[in-house]
Amino acid sequence: ILPGSSTDVKFDIPELSGENYKVWKERVLLQLGWMDIDYAIRKDEPPITTETSEPDVVDLYEKWERSNHHCPKVVYAPSTTHGLSGSRPPGLHNGCELRLEKEIKGGQARTAGASPKPKARAEPAAAWRGSFNPKLLNASMYDQSYGSGWSLAGATWYGAANGAGSDGGACGFRDTVDKYPYSSMISAGGPSIYQNGQGCGVCYEVKCTENEACSGNPVTVTITDECPGCTSESAHFDLSGTAFGAIAKSGLADQLRNAGVIKLQYRMVECNYPGVTVQVRVDQGANPYYMAVAIEYAEGTGISKVELQSQSSNGWINMYESSGVIWAVNTGVVLQPPFSIRLTEKLSGNTLILTDIIPVGWQAGQTYRSRVNFVGN
């Protein structure tokens, strides 16, 4: 039986404390998604419209603006019909009373829930967004999980019993998943782990202890795929057959694989690939006007930003995350090789420059290996 409206669905969001951020965030995102006002969390702010903007561009901006306007009301509301009671972080004001914590341009402070000025379309949404930044619901996942203790998740496995799960998966790693350093020790992630592709290339230690076939010893896996239906638990790992067998006692891998869904403990760790440097694969759709690359074997805690520098560009050009580990840029002008790429690590903000990684005469589909990586650099 389908609910009568979005307000009939409640996701039992707990009071936020210093120890339950992960569950709180996941249930807030579920609630916002059901209410269809999580658009500002999933999408970056589109270009600000002007009087000459096309109607579809105006509609897109207004959709994002409405979502961004209502999200803080829902997340910080002390009591609503959406099951979010008690979910306001300590120290923050209620919904529409949420005040700016820092000055905005012109020195004008406005409430996060207040309606924009009559000419709001010409005003950046950031000017009235207040101290609520919806993107932080995604970014904070890494801050909360890295370096912390063990968390609980569900686990299954897919593909061949001793295989790599898939031939590359949703992240875009392709045939590298069964080769060193991934060596089939990979996993698909449920929504809270995959993070709409932002979790691709992130590493986790996983272990199991609650089945007699479990070894209790942690192993490290890299997220290379998505498991969109893995939503029975707040976090879920759909491991490759190889990785699932690796958490079992010697000789009991098949017994553990036959156990169905098991409970797992996990924690985020730095990816560390000894002796391996970052590899860049030029996507098949790349051309002189459009560059798209897959970033593989990057150590650390994941990539938050990729920039391109061509022979003809002045400075670095931001690339956008096209899908998983694939980043792209469409400049509208011919890009002159060689190309250098600058990577920014998610948590530390450290940068790594792959100088002239894509040479003159580059070809779509070709792979180019650098001489550097984050941990060993």
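Take every DSSP beta bridge with both residues inside segment 186-276 and express the antiparallel ones as a percent of the total, to the nearest 5.
Among the beta bridges of segment 186-276, antiparallel pairing accounts for roughly 75 percent.
State in Å² the accessible area per residue of segment 231-350; use a 1.4 Å probe, count heavy atoms of protein chains only, and round to the nearest integer.
Heavy-atom SASA per residue in segment 231-350 reads 40 Å².
Please state, rounded to one decimal and in Å, the Kirkwood hydrodynamic radius that segment 205-320 gives when every pair of distinct Cα atoms enters the mean of 1/r.
17.4 Å
For Asp283, list long-range residues whose amide hydrogen, built 1.01 Å from N in the peptide plane, is under 5 Å from its own amide hydrogen.
For Asp283, whose amide H was placed from the backbone, the distant partners under 5 Å are Ala292, Val293, Ala294, Gly365.
At 7 Å along Cα-to-Cβ for each site, give me the label-to-label distance between Val57 and Arg369 in nm.
Result: 4.5 nm between the two label points.
How much FRET efficiency would the formula 1/(1 + (r/R0)^6) give for Glu45 and Val261, where r is the Cβ-Cβ distance and R0 is 45 Å, rounded to 0.05?
E(calc), rounded to 0.05, equals 0.70.
Just to verify a number: FRET efficiency for Tyr289 and Asp167, C-beta to C-beta distance, R0 = 30 Å, to 0.05?
0.50
Quick one: if the Förster radius is 41 Å, what FRET efficiency do Trp150 and Thr355 give, using the C-beta to C-beta distance and rounding to 0.05?
0.55
What are the ³J(HN,Hα) values, in whole Hz, obtained from phi via the Karplus relation 6.51 cos²θ - 1.76 cosθ + 1.60 with θ = phi - 60°, for each residue of segment 257-264 in sequence order, with x given for Gly and Pro?
4, 7, 7, x, 6, 10, 8, 10
Can you sort Tyr368, Tyr180, Tyr289, Tyr297 by 1.4 Å-probe accessible area, starting with the largest?
Tyr180, Tyr289, Tyr368, Tyr297
Output ³J(HN,Hα) for segment 155-171: one whole-Hz value per residue in order, computed from phi by the Karplus curve 6.51 cos²θ - 1.76 cosθ + 1.60 with θ = phi - 60°, and x for Gly and Pro.
Each residue's phi maps through the Karplus curve to give 8, 9, 9, 8, x, 6, 4, 10, x, 9, x, 8, 9, x, x, 5, 6 Hz.
Scan around Ile317 for amide H atoms under 5 Å from its own, H built in the peptide plane at 1.01 Å from N, and keep only partners 5 or more places away or cross-chain.
Amide H neighbours of Ile317, under 5 Å, 5+ apart: Leu308, Gln309.
Check which residues have an amide H placed less than 5 Å from Cys171's amide H, if you skip close sequence neighbours.
Sorted by chain and number, the residues that satisfy this are Asp225, Glu226.
May I ask you to order 184-190, 360-366 by the average number of other C-beta atoms within 10 Å around their residues, highest value first?
So the order, starting with the most tightly packed, is 184-190, 360-366.
Give a residue-ordered list of calculated ³J(HN,Hα) values for segment 318-330 (Karplus: 6.51 cos²θ - 1.76 cosθ + 1.60, θ = phi - 60°; whole Hz; x for Gly, Pro).
5, 9, 9, 6, 6, 6, x, 8, 9, 10, 9, 8, 10
Taking 0.36 nm per residue of separation and subtracting the Cα-Cα distance, what length does fully extending Tyr320 through Tyr180 add?
In short, 47.6 nm is gained.
The values are calculated or read from the model by the stated rules, or taken from the named source; none is laboratory data. The shown structure was predicted, so the numbers you read here are calculated from the model rather than taken from an experiment. Cβ: placed from backbone, ideal geometry, glycine included. Neighbour counts: every protein chain shown. Please note that ligands, DNA and RNA were not included when accessible areas were found on the heavy atoms of the full protein model with its side chains. Shrake-Rupley method; radii C 1.70, N 1.55, O 1.52, S 1.80 Å.
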